[in-house]
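Let me begin by presenting the structure, written as structure tokens, before commenting on it.
The values are calculated or read from the model by the stated rules, or taken from the named source; none is laboratory data. Every value quoted in this text rests on a predicted model; they were computed, and no experiment measured them. Cβ coordinates were reconstructed from backbone atoms using ideal geometry, including for glycine residues, and neighbour counts include every protein chain displayed.
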Amino acid sequence: MLMKKCSVMLLVGLMAAASFAAETLFSNYALNVNEAGKPGALWVFSRGDIYSGATLLTLNLGTSGVQVSGSEQGQVSDSMTAVQDGIFSDVLAEHRRTPSVYAGKLGYVLPMVGLDDEGNHLQPSGFLSVRGVDNIVETPFEVFEAMEDLDSAMHYAVSGFAYDSVKNQLWMARGAAGLGLYDFSGKGSAKKENYVLNTSTETLELAKSNYKWNAKKNPYVFDVKQHPETGELWLATSKGLWKRSSDGKVSKVSTKLDSTARVTGLWMGGDPLQIISETSYKEKESVKGALWVLRKKAKDFSKVVFLDTAGKAQKKDVYDDGDFTVSGVAFVGKTAFVAVGTSGGSVSGYFKLDSAGIRAWDKDDDGKNQWLYGYETGATDRDAIITSICSFPLKKDLTGLAIATYGNGISVSADSGKTWSTILNRAKLGGNLGSIRMVPSVITAGDQSLVSYKVGKESKITIDVFSYDMRKIRTIVKDAPRDADASRSTNPKEDFWDGKDKTGRPCTMGVYYVRVKDNHGHVGWGKVMTLGGHK
């Protein structure tokens, strides 16, 4: 039995490694996307069933949209990742996103999450600094003894970053552990410190190893941002919104978001500057949430207004009614693109927020306003959960948008979301079914492995799945029309296998063969492994 298990794991490793070495992205299960410090470049963090890592994409703008001209991947260690395992099931807004920041010579910075005693990635451990695909640095942070009494280690998870490019300092929101500082301004080793907000004295205090946490006067810090104009450090906390000025003084920012407000997120950007915040708290069996905005010349935050297609403001709180939480915000000029998902659900997309509010783009057949942009508006070409959004310099004088999705790679737009180009795991494919690729090549039942192929002319395609002993267990599509394409002819909405047989039951763990036939006599074969699932 042990030899059989080792053989299976070796096969999994070989298949994953082969896929990893040849693909455009590390995995199509992308959890975060961010700028890479130069025009036409993006960092993407993705996580598959076996491994996780970062991909550096080089992009250019062609006649048919945004295209990939280069791709490099770097794998993180088996015991660490940037994504906590409860990201989709956790109801707390601050835990339902993977924060990141591009921090100069530190590169692409993300949380570092290790394995807990039960083998789940639920142990906050510091931060990952992706300085290059061959230089991923794990930086641990001290865990105070005062945190050991908490019922979950996730109470001190990193949920936000701020990078001070002038002082060469990285700030981290660490929940109950306050605010982490990584100061790399000196010539020697970087200095690591931790600070806590004291609401009684209105000070930011240095926390030493014997720090005693007091829940009444030391609020959780859920997010941190540096104001782009004043340089002030803003803190989103469990007791309102605070700021630290350049002279070290700490004060409240808002009367609307006072000490009773649980501010779980904070984002700044745009021209003119917009500051967006999220409040969220659990009330009995439901989660109460709201979206707020502070604009130039405004005295305080106000709730974001939702408008119907005629521009009429809605009386109900659309954000709270939809049980939304923010997964990221991107700014392009006067517009903020607010990526959201439903707590405990699979609905996701993004809102477009401008000076008037969030306007519905359409009404459905039942007359309900549609505010979310996503699959229906072409932001993704498969109905996948949007996990992250960012703006980045696509060219020297052009700002691009990028969306990360769980299962469909990333989507990139060069025209502020009017049109999108989807970037999936791609390797060179031969025409007339010359080569078939399964992406990813290892799945669990319920996930999706895309059948990637190319035909040289318009064809009718049939895709069948066979067990290791060549018994046909599933027909995915039969005589489905597909066009000839310069890169690949796959229809991502249909051409995938979810690890299940024709009755809908998960197939047992093992290797399966996928046959693709056209109506011109061409046949191609691919191979995929499923790790099984629950019946």
Fill in: Among (1) under 23 Å from S152 (Cα atoms); (2) modelled with pLDDT of 95 or more - the single one H227 does not satisfy
(1)
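Taking the conditions exactly as written (over 18 Å from T55 (Cβ atoms), among the acidic types (D, E) and not in a helix (DSSP H, G or I)), does E118 satisfy them or not? Before the answer, list the steps.
Working: over 18 Å from T55 (Cβ atoms): yes; among the acidic types (D, E): yes; not in a helix (DSSP H, G or I): yes.
Yes.
Against the definition (in contact (Cβ under 8 Å) with a residue 60 or more places away in the chain, surrounded by fewer than 21 Cβ atoms within 10 Å (Cβ to Cβ) and out of contact with any His (no Cβ under 8 Å at 6 or more places or on another chain)), how does T444 come out, yes or no?
Details: in contact (Cβ under 8 Å) with a residue 60 or more places away in the chain: yes; surrounded by fewer than 21 Cβ atoms within 10 Å (Cβ to Cβ): yes; out of contact with any His (no Cβ under 8 Å at 6 or more places or on another chain): yes.
So T444 fits the description; yes.
Which ones in segment 459-494 are among the small types (G, A, S), closer than 30 Å to S64 by Cβ and surrounded by fewer than 20 Cβ atoms within 10 Å (Cβ to Cβ)?
Residues of segment 459-494 that are among the small types (G, A, S), as a first pass: 459, 467, 480, 484, 486-487, 489.
Applying the additional criterion that residues be closer than 30 Å to S64 by Cβ yields 459, 480, 484, 486-487, 489.
Residues satisfying the conditions are A480, A484, A486, S487.
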Item to complete: Go through (1) touching a helix residue (DSSP H, G or I) at 6+ places or on another chain (Cβ under 7 Å); (2) not in a strand (DSSP E or B) and name the single condition T325 misses.
Response: (2)
Discussion item. Condition first: at pLDDT 90 or above and either in the same structural domain as S277 (by TED's automatic domain parsing) or surrounded by fewer than 18 Cβ atoms within 10 Å (Cβ to Cβ) (or both). Now tell me which residues in segment 353-385 satisfy that.
Written reply: D354, S355, A356, W361, D362, K363, K368, Q370, E376, T377, G378
Response to the item:
The condition of being closer than 30 Å to K418 by Cβ and in contact (Cβ under 8 Å) with a residue 40 or more places away in the chain holds, among V68, V76, V133, V109, only for V68
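Considering segment 487-523 alone, what residues qualify as being of a type outside the set (A, V, I, L, M, F, W, C) and under 23 Å from I423 (Cβ atoms)?
Filtering segment 487-523 for residues of a type outside the set (A, V, I, L, M, F, W, C) gives 487-495, 498-506, 508, 510, 512-513, 515, 517-522.
S487, R488, S489, T490, N491, P492, K493, E494, D495, D498, listed by residue number.
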Fill in: Test set (1) out of contact with any Leu (no Cβ under 7 Å at 6 or more places or on another chain); (2) at pLDDT 95 or above - G344 fails condition number
(2)
Practice prompt. Return a yes/no flag: does segment 339-349 have any residue that is surrounded by fewer than 20 Cβ atoms within 10 Å (Cβ to Cβ), in a strand (DSSP E or B), touching a residue at least 60 places away in the same chain (Cβ under 8 Å) and of a type outside the set (A, V, I, L, M).
Written response: no
Practice prompt. Being among the hydrophobic types (A, V, I, L, M, F, W, C) and either not assigned by TED's automatic domain parsing to the domain that holds V516 or not in a strand (DSSP E or B) (or both) is the filter here, so list the residues in segment 456-487 that pass it.
Written response: M470, A484, A486
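Of all residues in segment 190-222, count the ones that are hydrophobic (A, V, I, L, M, F, W, C), within 20 Å of T264 (Cβ to Cβ) and assigned to a strand (DSSP E or B). Working first, answer last.
Within segment 190-222, the first condition is being hydrophobic (A, V, I, L, M, F, W, C), and the residues that meet it are 190, 196-197, 204, 206-207, 213, 215, 221-222.
Next cut, within 20 Å of T264 (Cβ to Cβ) only: 196-197, 204, 213, 215, 221-222.
Now drop any that are not assigned to a strand (DSSP E or B), which leaves 196-197, 204, 221-222.
Counting residues in segment 190-222 that are hydrophobic (A, V, I, L, M, F, W, C), within 20 Å of T264 (Cβ to Cβ) and assigned to a strand (DSSP E or B) gives 5.
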Discussion item. Quick check on S259: is it modelled with pLDDT under 95, among the small types (G, A, S) and more than 27 Å from A360 (Cβ to Cβ)?
Written reply: yes
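Hydrophobic (A, V, I, L, M, F, W, C) and either assigned to a loop (DSSP other than H, G, I, E, B) or touching a Pro at 6+ places or on another chain (Cβ under 7 Å) (or both), is that true of L394? Outline the logic, then answer.
On the way: hydrophobic (A, V, I, L, M, F, W, C): yes; either assigned to a loop (DSSP other than H, G, I, E, B) or touching a Pro at 6+ places or on another chain (Cβ under 7 Å) (or both): yes.
Here the answer is yes, as L394 does meet what is asked.
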Worksheet item: Which residues, counting only those in segment 474-517, are touching a Gly at 6+ places or on another chain (Cβ under 9 Å) and farther than 24 Å from A384 by Cβ?
Response: A484, T508, M509, G510, Y513, R515, K517
